[in-house]
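Undergrad: After the structure tokens below, expect a handful of questions from me.
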Amino acid sequence: SHGNKEGFSCRGIQLAVDWFLEKGHKDITVFVPAWRKEQSRPDAPITDQEILHKLEKEKILVFTPSRRVQGRRVVCYDDRFIVKLAFDSDGIIVSNDNYRDLQNEKPEWKKFIEERLLMYSFVNDKY
């Protein structure tokens, strides 16, 4: 949401990570589809991509798998990565997605998502 629906803002991810680090959290994982590493396109701009590589080096960001098959991008369902890691590590999920489909998939995830989902917003560069 940091990119105001005009593009994917990697700076928004950094702002969110910084906010949690400043609060003393150390175990932070960001999931981003691997195709976000590709060169930015006019119809899907990505700004400040070097931030993604920096966070990956710091072992904060993990790229979820994606590949091309016959010229089409095939991506994994990264929501499942997010919910599974948060559930397994007794963490929280920071997202504006409510994961309704995954709540119905596993009964133990339903209560967890209801209690551990932290929604957010940006006001300019303030997370």
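The values are calculated or read from the model by the stated rules, or taken from the named source; none is laboratory data. These figures come from a predicted structure and were not determined experimentally. So basically every Cβ, Gly included, is an ideal-geometry build from the backbone, and we count neighbours across all protein chains shown. To get the accessible areas, we keep the full protein, side chains included, count just its heavy atoms, and leave off ligands, DNA and RNA. Shrake-Rupley method; radii C 1.70, N 1.55, O 1.52, S 1.80 Å.
Undergrad: Classify the chain as rounded, prolate or oblate, taking a ≥ b ≥ c as the square roots of the eigenvalues of its Cα gyration tensor: rounded when a/c is under 1.5, otherwise prolate if a/b is larger than b/c and oblate if not. Don't jump to the answer; show the numbers that get you there.
TA: Working: a/c = 1.65, a/b = 1.18, b/c = 1.40.
The shape class here is oblate.
Undergrad: Something else now. Per residue of the chain, what 222 nm ellipticity follows from adding -39500 (n - 2.57) for every DSSP H run with n ≥ 4, rounded to the nearest 500? Show your work: numbers first, answer last.
TA: Working: 5 runs with 48 residues, N = 127.
Taking each H run of at least 4 residues, the total per residue is -11000 deg cm²/dmol.
Undergrad: Kindly report, to the nearest 10 Å², the accessible surface of residue 89 as traced by a 1.4 Å probe over protein heavy atoms only.
TA: 60
Undergrad: How many Lys pairs in the chain lie less than 17 angstrom apart by Cα atoms, where the lysines are 8 or more positions apart or on different chains?
TA: 11
Undergrad: With θ set to phi - 60° and the Karplus curve 6.51 cos²θ - 1.76 cosθ + 1.60, what are the ³J(HN,Hα) couplings of region 91-105 in order, to the nearest whole Hz, using x for Gly and Pro?
TA: These are the phi-based 3J(HN,Hα) values: x, 10, 10, 9, 6, 9, 8, 9, 6, 4, 5, 6, 4, 7, 6 Hz.
Undergrad: Oh, and also: Using Cα pairs closer than 8 Å and at least 6 residues apart in sequence, work out the relative contact order for the chain, in percent.
TA: Working: 138 pairs, mean separation 30.7, N = 127.
That works out to 24 percent.
Undergrad: May I ask you to give the solvent-accessible area per residue for the chain, in square angstrom, as obtained with a 1.4 angstrom probe?
TA: Numbers: 8670 Å² over 127 residues.
Accessible area per residue: 68 Å².
Undergrad: While we're on this one: Could you size up the charge dipole of the chain around its Cα centre, putting +1 on the beta carbon of Lys and Arg and -1 on that of Asp and Glu, and report it in debye to the nearest 20? Could you put the intermediate results ahead of the total?
TA: On the way: 22 positive and 21 negative charges, 84 e Å.
About 400 debye.
Undergrad: Let me ask another. Just read off the accessible area of residue 108 with the full protein assembly in place, 1.4 Å probe, to the nearest 10 Å².
TA: So the heavy atoms of residue 108 present about 90 Å² to solvent.
Undergrad: Farthest toward the dipole's positive end in the chain, which of 83, 7, 44, given Cβ charges of +1 (Lys, Arg) and -1 (Asp, Glu) about the Cα centre?
TA: The Cα lying farthest towards the positive end belongs to 44.
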